[in-house]
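One structure is given here, and the rest of the page talks about it.
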Amino acid sequence: TFQAGLSGSWGTRYGLGADQVVQIEMVLPNGFHVKFGPTEWKDASAEGFTVPRTIGVTGLCRTNPEERDEEKWVWGDCPNDFGIDFMDLWYAIRGGGGGTWGVVLSMHLQLHDYVPSVEYRASSSEECLATVFTADSSLFMHPLTDPLNVEFVATYIMTPSVLNVTVEQSRACGSPGTGYNQPQCYGEEAISQAWITFLQMKNITGGAECRERNPRGGLPSSSPLGSRFEGQITDSTSPDIAAGAINGVLVPKAWIEKVGVQSATNMFGPNFALNYYAFGS
């Protein structure tokens with residue numbers, strides 16, 4: 001994906017990592033060396049999507065497979081008996097595991113302008129814990145998972161108009177991990193003012209300083225130095241099913257808009273504090 005893991009904090013702004021792929025080169029099980037990618041799109045913003053919908057994919061086959069010099073490769077139309085639908089292959093490769101359908105040799109990705117990021121933390125100062133983040137249950141021992149902080153982040157991301165925040169300002173922010181509830185924003189956003197508006201809605205006096213602004217250098221790294229070796233990637237744990245009655249639920253934004261953040265919080269209970277805001281609308 002775009003930032004490793006699932007999608008990171010850019011998902012609400014640019015979509016998933018798979019949305020950034022513009023061309024794939026691979027060798028198929030039938031022996032053909034192909035390259036293909038989208039060539040026709042449809043605007044899907046009215047449907048709530050941040051990227052255009054692909055409606056046409058075309059591809060080429062290499063006509064001189066014996067040639068080893070890449071500069072001499074020749075690409076042309078695939079033969080009539082090729083039997084592969086590039087549109088189907090495009091969706092399969094980006095969502096079904098590349099190795100299932102052939103050997104992926106290269107990918108071309110859509111690049112985006114560099115935008116420094118800002119992280120907004122819920123302050124754990126004694127004053128903020130005493131006046132704003134006051135939950136006392138064992139799950140909420142840190143302001144990141146305090147119900148008030150959880151509700152604010154969910155409102156900013158899912159129902160921004162409640163806080164007089166535009167869709168564009170909302171999509172500039174995301175949360176890169178489960179239970180993080182600590183927005184990372186890129187470009188134009190309105191967290192600070194929205195936080196004050198939220199406190200006023202909750203009839204809380206003061207508390208503006210309880211949302212700390214922490215400038216970051218840009219794209220956060222998810223691979224610390226020393227975690228990878230030359231030519232190798234460290235093993236990861238096997239997939240597993242998380243314990244709990246309401247875990248791993250993909251919640252549509254439209255549903256949150258319909259029932260409201262407060263109702264969703266009440267329905268999911270403490271699990272609502274373990275949100276992962278990375279997938280846009």
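What follows is calculated from the coordinates using simple rules that are stated; it is not laboratory data. Everything numeric in this text was worked out from a predicted model, so none of it was measured. Neighbour counts run over all protein chains shown; Cβ positions are idealised from the backbone, glycine included.
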### Summary
Straight-line reach check, Lys72, cutoff 16 Å on alpha carbons, 8 or more apart in-chain or any other chain, hits among lysines -> Lys35
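Add +1 for every Lys or Arg and -1 for every Asp or Glu among the other residues with Cβ under 15 Å from the Cβ of Phe36, and state the total.
Once positives and negatives cancel, what remains is -2.
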#### Entry: Ranked packing of 25-32, 13-20, 154-161, 79-86, most packed first, by mean Cβ within 10 Å
154-161, 13-20, 25-32, 79-86
### Message
For Lys42, give me every one of the lysines with a C-alpha distance below 22 angstrom, ignoring sequence neighbours fewer than eight places off in its own chain.
### Response
Lys253
### Task
Enumerate the amide H contacts of Trp75 below 5 Å, restricted to partners 5 or more residues apart or on another chain; note that Pro and chain-start residues carry no placed amide H.
Thr63
### Query
What whole number of Å gives the distance from the Cα centroid of segment 62-118 to the Cα centroid of segment 16-48?
8
### Message
Please list 3J(HN,Hα) in residue order for segment 28-37, calculated via the Karplus relation 6.51 cos²θ - 1.76 cosθ + 1.60 where θ = phi - 60°; whole Hz, with x for glycine and proline.
### Response
8, x, 7, x, 6, 9, 10, 9, 7, x
### Query
Counting only residues 5 or more places away or on other chains, whose amide H sits under 5 Å from the amide H of Val22 once H atoms are built in the peptide plane?
His108, Leu109, Gln110
### Query
Under 21 Å from the Cα of Lys258, which lysines turn up, not counting those fewer than eight places away in the same chain?
Lys202
### Task
Return the long-range amide H neighbours of Thr159 (sequence gap of 5 or more, or a different chain), with a cut-off of under 5 Å between placed amide H atoms.
none
